[in-house]
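I have placed the structure first, in the form of structure tokens, so that the comments after it can refer back to it.
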Amino acid sequence: MGEQFHPNKSTTFINKEQLFKVEYLDDASLTGFVAEDVVQLGDYYVSTRFGCVTHSKGHDWAEADGILGMGFPAAALRSVPFPLFWALTDETRVAQEQSNVLKNRIFTLMLSEDRGEIVLGGHDPESVEGAMVTTPVRPSPLADGAEAFMHYMIDVQSLKVGKHELLNFKDSSIAIQAILDSGTSCLVVPDDTFEGGLLASPFQTFQKHFGDFEEPTIYITIEGTTFTIPYEDYMVDDKPCVMKMKNTPRTFLLGDVFFRRMVVVHNLANPMQPLVSVGQRKEGYELARKLQTIGDRAHVPLGKKLVQKPSPATEHAVTGTRPPSGWFGKQRAQRGGGAVAGILPTKVSSPVVAP
């Protein structure tokens with residue numbers, strides 16, 4: 001087990017007497033109750049609400065302490081309206097006695113095979129090779145016709161493996177949205193032409209040509225800049241960490257295989273238009289092994305993460321079936337952001353319990 005939280009050892013703990021349940025695409029789930037206490041991440045702390053997990057299905061907590069909320073409020077539990085990162089950067093809490101809030105609502109995520117690093121307040125310029133590109137986060141449509149920021153979703157103009165383009169747009173001026181999801185181990189691509197918007201299914205194109213690639217590097221183009229993921233970074237047990245997504249909107253997922261080569265900056269300073277900046281990580285950059293504060297930035301190390309299990313929403317790129325049991329458990333690409341974002345949840349509920 002990772003470290004556990006013991007409410008009876010805290011003098012500031014408050015049970016909010018509300019239950020919550022989160023269900024994930026892979027049939028995993030978490031249930032528990034909502035509480036309030038002082039939570040610290042790096043040098044920053046604030047009194048805020050969070051979920052205490054009492055029952056877990058499908059999660060292995062051997063090397064993780066919990067799931068860290070770095071997403072958008074619109075995707076949060078109703079009973080926990082502010083993800084931790086938003087609470088840690090809430091300027092209205094400056095006057096609170098039990099708070100030391102982060103001034104800049106910016107964080108950077110980087111992963112390796114066995115650990116990760118979150119930089120609070122910005123990014124380390126020494127981690128980037130060349131220039132970074134900045135692109136707006138796209139909102140997601142809601143059932144009532146409105147829009148809200150739910151995921152770190154950005155435009156991608158091209159996705160190639162070697163010389164083969166997977167995104168063969170009928171109109172070359174358009175783009176497809178990709179969700180940056182550190183709770184997904186692989187690259188997950190659609191098996192759909194989006195009503196003729198694409199000339200061929202990206203997944204089927206990959207299946208057709210995989211094994212014929214003379215140079216199987218993955219190339220991803222964002223805002224006109226192309227980033228590379230080497231072959232060895234997305235091959236696991238001699239299988240490509242490229243999966244098929246079914247029954248989804250017009251998006252695909254950039255999982256750990258992306259974060260392990262990139263510096264990804266999440267800039268939420270303007271909540272009306274969040275931004276994501278991406279840069280190729282400098283070869284040899286060492287991720288933090290202990291908490292370091294450099295200037296106004298806190299480098300927070302992340303230990304080895306939970307290993308994501310195969311999701312019913314995906315299929316393996318080569319066999320067309322779910323990977324065999326334990327496939328993800330053996331992979332080099334440990335679940336990089338399960339403790340950051342988690343697999344995209346399918347259902348979140350938080351009924352109120354009568355006091």
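Out of Val46, Val38, I need the residue that is crowded, with 18+ Cβ neighbours inside 10 Å, touching a strand residue (DSSP E or B) at 6+ places or on another chain (Cβ under 7 Å), modelled with pLDDT of 90 or more and under 20 Å from Leu291 (Cβ atoms). Which one?
Val46 is the lone residue from the list that is crowded, with 18+ Cβ neighbours inside 10 Å, touching a strand residue (DSSP E or B) at 6+ places or on another chain (Cβ under 7 Å), modelled with pLDDT of 90 or more and under 20 Å from Leu291 (Cβ atoms).
Kindly indicate whether any position in the stretch 144-158 is surrounded by 13 or more Cβ atoms within 10 Å (Cβ to Cβ), at pLDDT 90 or above, charged (D, E, K, R) and over 23 Å from Ile218 (Cβ atoms).
Looking through the stretch 144-158, none of the residues is surrounded by 13 or more Cβ atoms within 10 Å (Cβ to Cβ), at pLDDT 90 or above, charged (D, E, K, R) and over 23 Å from Ile218 (Cβ atoms).
Just need a number here: residues in the stretch 68-81 that are surrounded by fewer than 18 Cβ atoms within 10 Å (Cβ to Cβ), in a loop (DSSP other than H, G, I, E, B) and either of a type in the set (D, E, K, R) or at pLDDT 75 or above (or both).
1
Condition first: in contact with a Phe, Trp or Tyr (Cβ under 8 Å, 6 or more places away or on another chain), closer than 25 Å to Asn104 by Cα, among the β-branched types (Val, Ile, Thr) and assigned by TED's automatic domain parsing to the domain that holds Val128. Can you find one or more residues in the stretch 239-256 that meet it? Break it down stepwise before answering.
Pass one, the stretch 239-256, residues in contact with a Phe, Trp or Tyr (Cβ under 8 Å, 6 or more places away or on another chain): 239-242, 244-245, 250.
Next, only the ones that are closer than 25 Å to Asn104 by Cα stay: none.
Checked against the condition, which is being in contact with a Phe, Trp or Tyr (Cβ under 8 Å, 6 or more places away or on another chain), closer than 25 Å to Asn104 by Cα, among the β-branched types (Val, Ile, Thr) and assigned by TED's automatic domain parsing to the domain that holds Val128, the stretch 239-256 yields no hits at all.
Within the stretch 254-300, track down each residue that is among the charged types (D, E, K, R), surrounded by fewer than 15 Cβ atoms within 10 Å (Cβ to Cβ) and over 27 Å from Ser158 (Cα atoms).
Within the stretch 254-300, Glu286, Arg289, Lys290, Asp296 meet the criteria.
Show the residue pairs that are 6+ apart or on different chains and have beta-carbon atoms under 8 Å apart, the first residue being within the stretch 162-176 and under 11 Å from Phe206 (Cβ atoms), the second being among the charged types (D, E, K, R) and assigned to a loop (DSSP other than H, G, I, E, B).
Once the first residue is under 11 Å from Phe206 (Cβ atoms) and sits in the stretch 162-176, its partners that are among the charged types (D, E, K, R) and assigned to a loop (DSSP other than H, G, I, E, B) give Gly162/Glu214; Gly162/Glu215.
Here are Asp192, Asp144: which of them is closer than 25 Å to Gln273 by Cβ, in the same structural domain as Gly279 (by TED's automatic domain parsing), over 22 Å from the mean Cα position of the chain (by Cα) and not in a strand (DSSP E or B)?
When all the criteria are applied, what remains is Asp144.
Could you tell me whether Pro230 is modelled with pLDDT of 80 or more and surrounded by 14 or more Cβ atoms within 10 Å (Cβ to Cβ)? Please lay out each step first, then the result.
Numbers: modelled with pLDDT of 80 or more: yes; surrounded by 14 or more Cβ atoms within 10 Å (Cβ to Cβ): no.
Here the answer is no, as Pro230 does not meet what is asked.
Against the definition (farther than 24 Å from Pro274 by Cβ, in the same structural domain as Val276 (by TED's automatic domain parsing) and loosely packed, with under 15 Cβ neighbours inside 10 Å), how does Ser172 come out, yes or no?
Spelling it out, Ser172 is indeed farther than 24 Å from Pro274 by Cβ, in the same structural domain as Val276 (by TED's automatic domain parsing) and loosely packed, with under 15 Cβ neighbours inside 10 Å.
I'd like the full set of residues that are modelled with pLDDT under 85, closer than 28 Å to Phe252 by Cα, of a type in the set (D, E, K, R) and in a loop (DSSP other than H, G, I, E, B), limited to the stretch 277-320.
Lys304, Lys305, Lys309 - these are the residues of the stretch 277-320 that are modelled with pLDDT under 85, closer than 28 Å to Phe252 by Cα, of a type in the set (D, E, K, R) and in a loop (DSSP other than H, G, I, E, B).
The values are calculated or read from the model by the stated rules, or taken from the named source; none is laboratory data. None of the values given here were measured: they were computed from a predicted structure. Cβ sites come from the backbone with ideal geometry, for glycine too, and all protein chains shown count toward neighbours.
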